[in-house]
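One structure is given here, and the rest of the page talks about it.
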Amino acid sequence: MMKRNLWLLLGVIVLAVGPLMFHSETAKFGGSDDQASALISNIKPGYQRWVQPVWTPPSSEIESLIFALQAALGAGLLGYYFGRKRGLIEAKDAPEIRASH
Amino acid sequence: MHIMEGYLPATHCLAWGAASAPFVIAGGLRVKKVVREHPEVKLLLAASGAFVFVLSALKLPSVTGSSSHPTGTGLAASLFGPTITSVLSAIVLLFQALLLAHGGLTTLGANIFSMGIVGPFVAYGLYRGLPAVGFSIPLAIFAAATFGDLSTYVVTSLQLALAFPDPVGGVIGAAVKFLGIFAITQVPLAISEGLLTVIVWNLLAKYSREELTSLGAFQGRAV
């Protein structure tokens, strides 16, 4: 199972790194959300949003801080989940470990 | 796939909000029911939500030379059903609307509809349907996550096309343009999401047999 997961992970890495190498000269890898807003101003020139976001991160650094926080929260919980499950299974298989605590 | 704050007319905001609300409410009730009937899956539910958190924070480069992010909803939709995933998506979308200026409160209903409803329903349909016609469960999980992701971006494109019809091509012309941005960029990302979801599924099949069994996730198969 672990070996199969390593192959799957390799596939993800190839899919992420491939475009970076393939387009290294020309592409800027801007967000597709931003391209969509560009298209909106193209279709409806002068369109202004009628509501402003509640709060906008003051810089792209702060924005990446919050994205990192979001990913860290999720990854932390996933790590806790699998660590706990694995620990419980091992404790069940070796009761003396559980008894000694 | 985030339609930004203030980018949909008020009537559209209300309509998508009204369309999404019943699913989120039904999902909230289902969360209560599932947790009451299977208290042992509580942590797995949190882990499935955590997977949505991680994947929707990962902006990945695509073959089109632009970047976007997966949704992470295929796993939760397969394990817990689509409406519970609507609730998880609503939480993530609210987090991003309030702290990241990604998406917005006025567009929350529209974004929940694409990421939290259509994507999860497509995913759940494939996850249940493919094994019924003989495909393996890991393949069903892969297809569920991949096409759940893609369908979310197709819906976003259509929502924007309805709000911003092309002066020449109308709604269809605009849909083609928005799909050109969102759907094509998303293809490799959707495949990545499929692969990552199978990785987590494999881990769950090893470490969380009891929870998966009590949720009926193996669909009667010896995995």
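The values are calculated or read from the model by the stated rules, or taken from the named source; none is laboratory data. None of the values given here were measured: they were computed from a predicted structure. So basically every Cβ, Gly included, is an ideal-geometry build from the backbone, and we count neighbours across all protein chains shown.
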Is it the case, given these coordinates, that residue B:157 is in contact with a Phe, Trp or Tyr (Cβ under 6 Å, 6 or more places away or on another chain) and buried (at least 18 other Cβ atoms within 10 Å of the Cβ)? yes
Identify all residues within segment A:43-54 that are more than 7 Å from every other protein chain (Cβ to nearest Cβ) and either more than 18 Å from residue B:174 (Cα to Cα) or surrounded by 12 or more Cβ atoms within 10 Å (Cβ to Cβ) (or both); write none if there are none. A:47, A:48
Could you tell me whether any residue of segment B:103-110 is among the polar types (S, T, N, Q) and in contact (Cβ under 8 Å) with a residue 24 or more places away in the chain? yes
Among the numbered criteria (1) surrounded by fewer than 23 Cβ atoms within 10 Å (Cβ to Cβ); (2) at the interface with another protein chain (Cβ under 8 Å from one of its Cβ atoms), which one does residue B:45 miss? (2)
Tell me which helices (runs of 4 or more DSSP H) are completely within segment B:56-174 and hold 3 or more residues being within 24 Å of residue A:73 (Cβ to Cβ), at pLDDT 95 or above and within 14 Å of another protein chain (Cβ to nearest Cβ), or say none if there are none. B:73-80, B:82-99, B:137-163
Residue B:99, sole failed condition from (1) within 30 Å of residue A:63 (Cβ to Cβ); (2) crowded, with 21+ Cβ neighbours inside 10 Å; (3) out of contact with any strand residue (DSSP E or B) (no Cβ under 9 Å at 6 or more places or on another chain): (2)
Is it the case, given these coordinates, that residue A:12 is farther than 21 Å from residue B:161 by Cα, crowded, with 16+ Cβ neighbours inside 10 Å and at pLDDT 90 or above? yes
Report yes if residue B:49 is touching an Asp or Glu at 6+ places or on another chain (Cβ under 8 Å), of a type in the set (Gly, Ala, Ser) and in a helix (DSSP H, G or I), otherwise no. no
What single numbered condition from (1) exposed (fewer than 11 other Cβ atoms within 10 Å of the Cβ); (2) within 7 Å of chain B (Cβ to nearest Cβ); (3) aliphatic (A, V, I, L, M) fails to hold for residue A:73? (1)
Restrict the check to segment A:21-33 and report whether at least one residue is more than 24 Å from residue B:99 (Cβ to Cβ), acidic (Asp, Glu) and modelled with pLDDT under 90. yes
The condition of being within 14 Å of chain A (Cβ to nearest Cβ) and at pLDDT 95 or above holds, among B:23, B:53, only for B:53
Within segment B:154-205, residues of a type in the set (Asp, Glu) and without any contact (Cβ under 8 Å) to a residue 12 or more places away in the chain come out as B:166
So which of A:72, A:94, A:16, A:36 ends up being among the hydrophobic types (A, V, I, L, M, F, W, C) and in contact with a strand residue (DSSP E or B) (Cβ under 9 Å, 6 or more places away or on another chain)? A:16
Within segment B:60-99, the count of residues that are touching a His at 6+ places or on another chain (Cβ under 6 Å) and closer than 22 Å to residue B:142 by Cβ comes to 0
